[in-house]
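Novice: Submitted below is the structure of interest, expressed as structure tokens.
The values are calculated or read from the model by the stated rules, or taken from the named source; none is laboratory data. Everything quoted here is computed from the prediction, not taken from an experiment. Neighbour counts are summed over all protein chains in view; Cβ atoms, including those assigned to glycine, are modelled from backbone coordinates with ideal geometry. All accessible areas refer to the heavy atoms of the entire protein, side chains included, with ligands and DNA or RNA removed. Shrake-Rupley method; radii C 1.70, N 1.55, O 1.52, S 1.80 Å.
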Amino acid sequence: MELIELVIIIAMAGLLSIFAQYMGLLTFDGAAASLAIGLVIGIFGSFEWLLILIIFTALGFAATVVGITKKKRKGLQEGTRGERMYKNVVAVGIVPCIFAVLSYFSGDEHHMLISVAFISSLAVAAADTVASEIGVRDKRVWMITTFKRTEPGVNGGISVTGTFMAAAASFVTVAIGWYITGLEFDMLFFVPAAAGIIGCFADSILGAAIEDKGYISKYTNNAITAMIGSVFAMVVYILCF
């Protein structure tokens, strides 16, 4: 990696973290975690991967801001005003970081496979974030494990609005990743897009089945389901492509 590229990566990751904290979207420790994850993905992955991460983050922040007043009124926001701390950031960023490091040490041999996994992990995070932030505004919510009506914001609750927006977020995230990395828009595109939706549903299932019982935290749930989506995409890629 050339020095100028390293400087750009540090500057972009730093500016994102500073801006997010200034806007009240991240706490100080959340901004520090964001910087660390950005550097790992930019240095071990690529500048393109960091750019995808930044755009994904911006979309997530936008979803957080939408309807924040109503969410605060009902107590459905993150933190006190929608801000996220380091646990939120690490939960979402740890899996993409793993694939960035794997990409660095595996070379070109498995680059496509790991790229698909990396984009899939962000697709899961995007789908889950949008489903949570926008889906809570839908009053018609069903528990994913029983399909009985429940309240907005509960673990395992799904809605038509949340599901539709999660699918849209997954497809948009993958489209951005595909475009930035210069991949051909063929049938492979639908694999990480589907992985994002599957990971989002897995998050709801684990939330209802074991998170609610205290066996795992929501942060662990986020990391596990991101890996579930990525592994799904990798298996499909190996078997079908």
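Novice: Determine whether residue 224 is closer than 23 Å to residue 83 by Cα and in a loop (DSSP other than H, G, I, E, B).
Specialist: Working: closer than 23 Å to residue 83 by Cα: yes; in a loop (DSSP other than H, G, I, E, B): no.
Taking the combined requirement at face value, the residue does not satisfy it.
Novice: Given the criterion part of a loop (DSSP other than H, G, I, E, B) and not β-branched (Val, Ile, Thr), identify the matching residue among 152, 192.
Specialist: Numbers: 192 fails: part of a loop (DSSP other than H, G, I, E, B).
On inspection, the qualifying residue turns out to be 152.
Novice: Here's another thing I want to ask about it. When both residues are 6+ apart or on different chains and their Cβ atoms are under 9 Å apart, which pairs have a first residue that lies in the stretch 203-217 and is closer than 17 Å to residue 131 by Cβ, and a second that is open to solvent by 40 Å² or more (accessible area, probe 1.4 Å) and small (Gly, Ala, Ser)?
Specialist: Here the result reads 203/132; 211/217, each pair linking the stretch 203-217 to a residue that is open to solvent by 40 Å² or more (accessible area, probe 1.4 Å) and small (Gly, Ala, Ser).
Novice: Now, a different point. Among (1) over 24 Å from residue 42 (Cβ atoms); (2) surrounded by 19 or more Cβ atoms within 10 Å (Cβ to Cβ); (3) in contact with a Ser or Thr (Cβ under 9 Å, 6 or more places away or on another chain), there is one condition residue 196 misses while meeting the rest; what is its number?
Specialist: The one condition residue 196 does not meet is (1).
Novice: So, residue 209, is that one more than 26 Å from residue 58 (Cβ to Cβ) and small (Gly, Ala, Ser) or not? Walk me through it before giving the result.
Specialist: Details: more than 26 Å from residue 58 (Cβ to Cβ): yes; small (Gly, Ala, Ser): yes.
Spelling it out, residue 209 is indeed more than 26 Å from residue 58 (Cβ to Cβ) and small (Gly, Ala, Ser).
Novice: Restricting to the stretch 225-239, and then to whatever is surrounded by fewer than 18 Cβ atoms within 10 Å (Cβ to Cβ) and touching a residue at least 24 places away in the same chain (Cβ under 8 Å), can you tell me which residue is nearest to residue 203 (Cα to Cα)? Steps first, answer last, please.
Specialist: Taking the stretch 225-239 as the starting set, the residues that turn out to be surrounded by fewer than 18 Cβ atoms within 10 Å (Cβ to Cβ) are 231, 235, 238-239.
Right, trim to touching a residue at least 24 places away in the same chain (Cβ under 8 Å) and you get 231, 238.
On the way: 231: 15, 238: 24 Å.
The selected residue is 231.
Novice: Sticking with this structure for a sec: From the residues in the stretch 1-28 that are open to solvent by 70 Å² or more (accessible area, probe 1.4 Å) and part of a loop (DSSP other than H, G, I, E, B), which one is nearest to residue 44 (Cα to Cα)?
Specialist: Result: 1.
Novice: Check whether at least one residue in the stretch 36-46 is assigned to a helix (DSSP H, G or I) and either touching a strand residue (DSSP E or B) at 6+ places or on another chain (Cβ under 6 Å) or at pLDDT below 95 (or both), and report yes or no.
Specialist: As a first pass, look at the stretch 36-46 and keep what is assigned to a helix (DSSP H, G or I): 36-45.
Of the ones still in play, those that are also either touching a strand residue (DSSP E or B) at 6+ places or on another chain (Cβ under 6 Å) or at pLDDT below 95 (or both) are none.
No, that holds for no residue.
Novice: What's the number of the condition residue 122 fails, among (1) open to solvent by 10 Å² or more (accessible area, probe 1.4 Å); (2) within 20 Å of the chain's Cα centre (by Cα); (3) modelled with pLDDT of 90 or more?
Specialist: All conditions pass for residue 122, except number (1).
Novice: Going through the stretch 102-142 one residue at a time, which ones are outside any loop (DSSP other than H, G, I, E, B) and farther than 26 Å from residue 231 by Cβ?
Specialist: Of everything in the stretch 102-142, those that are outside any loop (DSSP other than H, G, I, E, B) and farther than 26 Å from residue 231 by Cβ turn out to be 134, 141, 142.
Novice: Looking only at the stretch 204-216, which residues are closer than 25 Å to residue 160 by Cα and either part of a loop (DSSP other than H, G, I, E, B) or aromatic (Phe, Trp, Tyr) (or both)?
Specialist: Within the stretch 204-216, the first condition is being closer than 25 Å to residue 160 by Cα, and the residues that meet it are 204-212.
212, the sole residue that qualifies.
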